[in-house]
Structure formats: C-alpha cells, structure tokens
Amino acid sequence: MITKTTFTHWVTCPQPNPQAKLRLFCFAYAGASATVFRTWANYLPKTMELCPIEIPGRGRQIKSSAYTEIQPLVRAIATNIIPYLDKPFAFFGYSMGSLISFELTRLLRSEYNFHPLHLFVAVRQAPQLPAEKPPISQLPDPDFLTAISQFNGISDAVLKNAELMQIFLPIIRADFTVLESYVYTPQPPLDFPITAFGGLQDPTVSYTALSAWEKQTAASFCLHQIDGDHFFINTAKEALLNSVIQSLQFYS
C-alpha cells in the first residue's frame with residue numbers, strides 16, 4: 001500500500017513526517033478542535049507522526065454541522081481515516097475523545113479488521129459504566145453554562161463573551177448530547193493494551209471509573225494518575241506525553 005501523505009479536513013497533521021513508522025491519532029474533548037494537540041508534534045520522536053482528528057462543527061470543519069449521536073460520527077471518522085491506516089497506529093482520546101476513539105476501534109475491528117497498537121484514554125469513565133452525573137445537554141443556556149464552567153476547561157473571559165459563546169455553545173451542547181445519548185453495547189474485549197489517565201484533582205471522574213477500563217481489554221492495562229484537574233492536558237502536557245511516548249517506543 002502506498003503511504004498516504006496528503007491530509008484532509010478530517011485527518012490533520014501539524015508536522016507531516018513521511019518517514020515515521022507509526023501514526024498517533026488524537027481525539028479532543030467536548031467543544032475542542034484538533035488544534036489542542038497542535039504542539040504535541042514538537043515532543044514526539046521522529047519515528048511518530050501526529051494526526052489529530054477534526055470532527056465537524058469546529059476548526060477546519062466549522063461550517064459543517066456537529067453530530068449529536070456517536071455511531072454516525074464514528075462511522076464518518078472511519079470512512080475518512082481508513083486511507084491513513086497504512087502504517088501501524090495508536091489512538092489517544094481525551095474526555096469525549098476517549099469514548100469516540102473506543103467506539104472507533106470497535107467499528108474498525110468489526111467491519112475493516114484494523115486494530116491499533118494501543119488505545120490511550122483520559123479523564124473519561126469506562127464506557128460500560130452508567131453516568132455518574134445527571135444530563136446537562138438540554139438545560140437552558142444559563143444553566144448549561146454554569147454546568148460546563150465547573151469543568152474548568154473554558155476561561156471566564158470566554159464564558160462572559162456573548163459573541164464567542166454564541167459560536168461555541170451549540171458545538172459544546174451537541175458534544176454533550178453525543179455523550180449523554182450514548183448506549184453501551186457489550187462486545188468481546190479488545191486484544192491490544194489500554195492505558196487510562198486521570199487527574200489527581202479531577203472531581204468529575206473517579207479512580208474507580210477509570211480503572212474499569214481494564215474490562216475492555218484482554219491485553220495489558222495501565223492507569224496513570226497525573227497531577228491536575230480534569231484539564232491536566234493543559235497543565236501537565238509533558239508528563240502525559242512522556243507516558244504515551246514510553247508506551248509506544250517498542251513499536252516505533
């Protein structure tokens with residue numbers, strides 16, 4: 001198979017690296033675009049190529065309607081990512097991205113016989129567990145804003161900017177609808193390693209909820225707790241990346 005080197009609105013690549021032996025596909029948290037991973041390429045070894053996925057409703061796909069159900073979204077990602085699975089690859093998902101990457105691995109397994117080398121999930125409870133908090137996606141705007149502000153992922157300046165929130169609120173609401181409408185379907189466990197990450201000061205996802213990811217793999221499982229809250233991706237990026245790189249060094 002000829003190595004794919006041209007990227008798209010769905011599959012982005014901040015620093016194309018045709019000589020890389022492995023691709024790391026990244027999936028962002030609710031409301032975020034692929035740009036949250038933009039600087040990660042600076043930390044990866046030359047053997048790895050960073051490919052953040054851009055889903056509709058943000059970034060390069062800002063003009064496309066955001067999805068509100070996970071299965072159509074995952075199917076669309078699969079269609080667009082297949083040409084880029086011509087090298088060994090791994091998935092990293094953060095919060096909502098964890099659930100998306102998990103369901104994507106199951107779809108790729110069942111319909112295309114593709115398997116990542118490793119699945120990394122962060123600050124998201126295991127998919128088989130019931131929701132720990134009541135749904136918020138259908139709350140009136142003021143209540144919805146109050147609810148999402150508790151995650152500490154949006155600055156007060158942005159929350160108080162009516163013009164910005166007019167743009168971002170529908171996207172975030174759609175993403176939470178994706179999460180809250182999710183229905184877990186039991187399938188055999190995956191046959192590759194899963195590593196889960198949690199924030200030591202994250203009040204939204206418990207250690208128990210993270211450790212339950214072990215049930216989703218017949219291979220090895222690791223759980224790392226990192227100093228920080230739900231968005232330690234912003235405050236402890238190097239610690240997070242070092243762990244990911246270390247897990248993938250054997251393959252690259």
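The values are calculated or read from the model by the stated rules, or taken from the named source; none is laboratory data. The model shown is predicted, which means the values in this text are computed figures rather than measured ones. Glycine also receives a Cβ, built like all others from the backbone with ideal geometry; neighbour counts cover every protein chain displayed. What goes into the accessible areas is simple: the full protein's heavy atoms, side chains included, and nothing from ligands, DNA or RNA. Shrake-Rupley method; radii C 1.70, N 1.55, O 1.52, S 1.80 Å.
Brief remarks follow.
- Cα-only radius of gyration and Dmax that characterise the chain, units Å: 17.2, 52
- Pairwise centroid distance, computed over Cα atoms, of segment 69-134 with segment 7-67, Å: 14
- Rg/Rh (Cα only; Kirkwood hydrodynamic radius) as it applies to segment 1-81: 0.97
- Here segment 112-233 yields Rg over Rh of 1.02, to two decimals, using C-alpha coordinates and the Kirkwood radius.
- Solvent-accessible area, 1.4 Å probe, carbon plus sulfur percent, for segment 164-252: 56
- Electrostatic tally near PHE89: other residues with Cβ closer than 11 Å to its Cβ, Lys and Arg +1, Asp and Glu -1, net +1.
- Charged-residue dipole, Cβ positions (Lys, Arg, Asp, Glu), segment 100-252 about Cα centre, Debye nearest 20: 300
- Amide N of segment 170-188 lying under 20 Å from the label point, which is placed 7 angstrom from the Cα of ASP141 along Cα→Cβ: 170-177
- Degrees separating the helix 96-112 axis from the principal Cα axis of the chain, which is the longest one: 40
- Candidates GLU180, GLU111, GLU214, ranked by Gaussian network fluctuation over the chain, Cα under 10 Å, top entry: GLU111
- Dipole in debye (nearest 20) - segment 132-220, about Cα centre, beta carbon charges: Lys, Arg +1; Asp, Glu -1: 80
- Residues of the chain: accessible area per residue with a 1.4 Å probe, Å²: 47
- Cut-off 10 Å between beta-carbons: net charge of the residues surrounding SER64, Lys and Arg +1, Asp and Glu -1: +2
- Rounded percent of accessible protein surface that carbon and sulfur make up, segment 1-142, 1.4 Å probe: 54
- Volume per residue of the convex hull around the Cα atoms, evaluated for segment 167-238, comes out as 130 Å³.
- Here the extension length gained between LYS237 and ARG60 equals 61.4 nm, from 0.36 nm per residue of separation less the Cα-Cα distance.
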